[in-house]
Amino acid sequence: MLTVSDPQLDAVTVSGETPEPVRPRWVRPSYWALLAATAVLYLWGLGSAGWANSYYAAAAQAGTQSWKAWLFGSLDPGNAITVDKPPAAMWAMGLSGRLFGFNEFTQLLPQALMGVAAVAVLYATVRRSSGPGAALLAGAVLAVTPVATAMFRYNNPDALLVLLLVVAAYCMVRAIENGGTRWVALTGVVVGFAFLTKMLQAFLPLPGLALAFLVAAPIPLWKRIGALAVGVAAMIVSAGWYIALVALWPADSRPYIAGSTDNSLLQLAFGYNGIDRIVGQNQPGGGFGHGPGGGGGPNLFFGGQAGIGRMFGQSMGTEASWLLPAALIGLVALLWLTLRAARTDKLRAGALLWGGWLLVTGAVFSFMDGTIHPYYTVALAPAIAALVGMSVAALWPLRAQLLPRLVLATMLAATGIWAFVLLDRTPDWLPALRWVVAIGAVLVAVVLAVGGNRLGRATAVVALAATVFGLGATVAYSIETVVNSHSSGPMPTAGPKHDMGFGGPGGPGGPGGPGGFGKADDVALGELMTGLNNRWAAASVGSMMVSDLELKTGASLMAIGGFTGGDNSPTLAQFQQYVANGDVRYFFDRPAGDHGGPPHDPHGSAGDITNWVKAHFTPQEIGGITVYDLQHPH
């Protein structure tokens with residue numbers, strides 16, 4: 001049976017101490033060079049494209065104006081309604097704004113730093129099972145995955161989610177080494193905070209983490225099961241404290257939980273952000289719409305057609321699948337190499353952990369019928385990166401044997417050919433690149449397959465060429481993402497601009513995303529609200545109707561009905577009481593003919609409020625918007 005070893009990683013034992021690996025001199029400078037390059041990639045021109053997703057940016061701004069808004073993730077400092085996610089990501093952005101002043105750069109800075117930290121933690125995790133070479137390659141692959149480059153320069157919660165899940169993987173790897181319950185408990189704590197970032201998506205890597213511990217931890221089976229039970233308990237406490245806080249806090253003294261039907265976090269988690277997204281109940285999914293650019297098929301803004309090919313399809317393929325074929329081949333290779341290894345073998349444990357993460361997350365994303373967007377694939381990037389780094393590092397020392405070098409050659413050739421397919425989807429962008437990458441990768445793969453056992457002094461050259469051609473396409477796509485950033489609105493995309501089939505490259509409503517005030521004169525509206533001391537300067541239907549104006553003026557604006565105007569908050573009776581108390585001064589309504597964002601004729605409480613305002617107050621046109629002064633009825 002083949003064995004996996006690297007003489008550079010042999011341990012030396014110091015009396016009375018745990019054996020430590022001997023690290024080659026190139027490891028430390030290479031590690032810091034990787035982190036420095038990642039920081040440059042993620043920080044370059046950060047904030048130059050604007051606020052990114054104004055929905056979350058407005059919530060972060062509210063958190064700099066009100067500690068209650070910061071605690072609950074409220075969209076406005078008047079605390080009418082929260083965003084449709086838990087507030088952990090808002091906490092980071094709000095604190096950054098309070099410390100450094102709130103602007104485009106400071107609210108995106110936490111996400112960029114989270115990206116650098118994720119690369120560092122992934123390096124530390126992979127190094128413990130596969131050595132520094134595998135760790136460096138894994139870190140590099142994560143850093144230059146296009147969707148990671150986009151999301152670590154963006155203000156959606158995904159950046160924090162990925163960082164926390166990679167930290168959870170590190171904690172579990174430490175737990176697997178000695179069966180320590182404390183490390184399992186810490187894993188649970190981190191996953192609990194990941195739940196407070198993006199709810200049930202935080203649980204997708206758990207089967208892989210649990211399986212790896214159950215198989216490989218060096219303690220008896222019942223102790224392994226007990227340790228995992230402790231981890232589950234820690235996870236419940238880590239997430240549950242905040243759920244309890246929201247539940248026990250008087251509902252009339254906090255903002256409404258957006259996206260929920262009963263003003264609770266648990267319903268939001270298992271409804272709008274949970275089961276509904278999987279089964280598609282009342283949510284647009286991959287089969288929704290046939291808008292421009294959709295090619296008459298499923299709308300690409302919602303992930304394309306559900307099925308086994310979704311991760312490779314038109315919507316998601318260029319975001320994260322560049323090295324997905326190599327990762328899947330590498331996973332099979334790792335399991336084969338460790339087939340007869342001891343139960344506690346670290347390499348197999350790593351393969352189970354990252355393989356479980358990749359397969360479960362990929363399967364859920366592939367077959368869910370509810371709302372899913374291409375940028376969700378950033379959750380796959382750490383697992384893809386780890387499997388590529390681990391498998392290449394395991395196979396490379398065995399290249400003198402025919403089968404390992406054939407597997408290496410297949411991984412490289414598949415990467416080059418798949419890069420050609422992905423690059424061909426934007427044929428006008430660097431048209432020669434796809435040919436260079438594909439031909440180069442195939443030629444180096446042939447050299448590996450035919451002469452990999454006798455490369456001699458050319459070994460380093462071949463390894464460098466394989467790295468360049470294997471990562472060349474994804475590096476170019478990531479650089480394009482940074483240089484020509486177009487990830488505004490709620491729909492960030494990586495690489496060159498391309499139509500996602502729902503109003504242009506920026507998603508709904510074009511580059512500005514859904515909502516906004518169309519051709520509104522923000523200066524005129526800002527002057528209208530200057531000097532007001534009402535709890536809300538104005539109210540309007542839909543959060544994206546008001547978030548841009550909140551960011552430009554700093555005013556507190558009520559988003560009636562939340563993101564799309566569909567939440568039952570506030571009710572007509574509550575809004576009438578706000579008006580009677582003088583809590584809200586103006587009502588903004590989109591003029592006829594402006595159909596961006598939420599429906600012009602909303603239903604539910606938003607519709608009731610709109611109709612009541614129109615029936616009792618006089619409209620006037622200010623800055624291209626229909627304005628009703630709620631202090632002056634007919």
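The values are calculated or read from the model by the stated rules, or taken from the named source; none is laboratory data. All values reported here derive from a predicted model rather than from experimental measurement. Here Cβ is always computed from backbone atoms with ideal geometry, including for glycine, and neighbour counts include all displayed protein chains. Heavy atoms of the whole protein, side chains included, go into the accessibility calculation; ligands, DNA and RNA do not. Shrake-Rupley method; radii C 1.70, N 1.55, O 1.52, S 1.80 Å.
For VAL541, the amide hydrogen comes within under 5 Å of the amide hydrogens of ILE560, counting only partners 5 or more places away or on other chains and with H modelled in the peptide plane. Ranking of TRP67, TRP222, TRP354, TRP336 by solvent-accessible surface, largest first: TRP222, TRP67, TRP336, TRP354 (1.4 Å probe, protein heavy atoms only, all chains present). Can you give the FRET efficiency for GLU527 and LEU245, using 1/(1 + (r/R0)^6), R0 = 56 Å, r = Cβ-Cβ distance, to the nearest 0.05? Given R0 = 56 Å and the Cβ-Cβ separation, E is 0.90.
Note on ILE622: accessible area is roughly 30 Å² with a 1.4 Å probe, heavy atoms of protein only. Using r as the Cβ-Cβ distance of THR344 and LYS552, and R0 as 60 Å, what FRET efficiency do you calculate, to the nearest 0.05? So, using R0 = 60 Å, E works out to roughly 0.55. Within the chain, antiparallel bridges make up roughly 55 percent of the DSSP beta bridges whose residues both belong there. The simple spin-label model puts a point 7 Å past each Cα toward its Cβ; for ARG98 and GLN631 those points are separated by 3.1 nm. For region 62-75, the Karplus equation 6.51 cos²θ - 1.76 cosθ + 1.60, evaluated at θ = phi - 60°, returns couplings of 4, x, 7, 9, 8, 5, 5, 4, 5, 4, 9, x, 6, 6 Hz by residue, with Gly and Pro reported as x.
For LYS68, the lysines whose Cα falls under 25 Å of its own Cα, not counting residues fewer than eight places away in the same chain, are LYS85, LYS198, LYS552.
The value of relative contact order for the chain, using C-alpha pairs under 8 Å at least six residues apart, is 14 percent. Within the set (1) -0.34; (2) -0.45; (3) -0.56, the number that log10 I(q)/I(0) by the Debye sum over Cα atoms at q = 0.06 Å⁻¹ takes when calculated for this structure is listed as (1).
For the residues ARG182, ARG425, a 1.4 Å probe over the protein chains yields an accessible-area ranking, largest first, of ARG182, ARG425.
Under a 5 Å amide H cut-off, with hydrogens placed 1.01 Å from N, THR626 pairs with ASP589 among residues at least 5 apart or on other chains.
Using only Cα atoms, tell me the angle between helix 402-423 and the longest principal axis of the chain; keep it within 0 to 90° and round to the nearest 10. With both axes taken from Cα atoms, the answer is about 30 degrees. When the surface is traced with a 1.4 Å probe over the full set of protein chains, ILE308 keeps roughly 140 Å² accessible.
Placing unit charges on the Cβ atoms only, positive for Lys and Arg and negative for Asp and Glu, gives the chain a dipole magnitude near 2600 debye about its Cα centre.
In the context of the full set of protein chains, the chain has a per residue accessible area of 39 Å² (1.4 Å probe). A 1.4 Å probe over all protein chains sorts PHE72, PHE193 by accessible area into PHE193, PHE72, starting with the largest.
Taking the C-alpha atoms only, the angle from helix 27-43 to the longest principal axis of the chain is near 20 degrees.
Partner lysines whose Cα lies under 25 Å from the Cα of LYS497, excluding those fewer than 8 positions away in the same chain, are identified as LYS519. Treating r as the C-beta distance of LEU214 and VAL446 and R0 as 41 Å, the FRET efficiency rounds to 0.50.
Residues whose amide H falls under 5 Å from that of ASP369, counting only those 5 or more places apart or on a different chain, are VAL279, GLY280, with hydrogens built in the peptide plane.
Put a dot 7 Å past the Cα of ARG457, heading toward its Cβ, do the same for ILE439, and the two dots end up 2.8 nm apart.
Shown in residue order for region 605-614 are the 3J(HN,Hα) couplings computed by the Karplus curve 6.51 cos²θ - 1.76 cosθ + 1.60 at θ = phi - 60°: 5, 4, x, 4, 5, 4, 5, 5, 4, 5 Hz (x for Gly and Pro). Between helix 158-178 and the chain there is an angle of about 40 degrees, using the helix long axis and the longest principal axis of the Cα atoms. Carbon-plus-sulfur accessible fraction, the chain (probe radius 1.4 Å, protein heavy atoms only): 64%. The modelled label-to-label distance for the pair VAL332/ARG28, using points 7 Å beyond Cα in the direction of Cβ, is 4.2 nm.
Only protein heavy atoms count here; under a 1.4 Å probe, ASP589 has an accessible surface of about 20 Å².
Derived scalar couplings between HN and Hα for region 128-133 equal 5, 10, 9, x, x, x Hz in order, rounded to whole Hz, by the Karplus curve 6.51 cos²θ - 1.76 cosθ + 1.60 (θ = phi - 60°), x for Gly and Pro.
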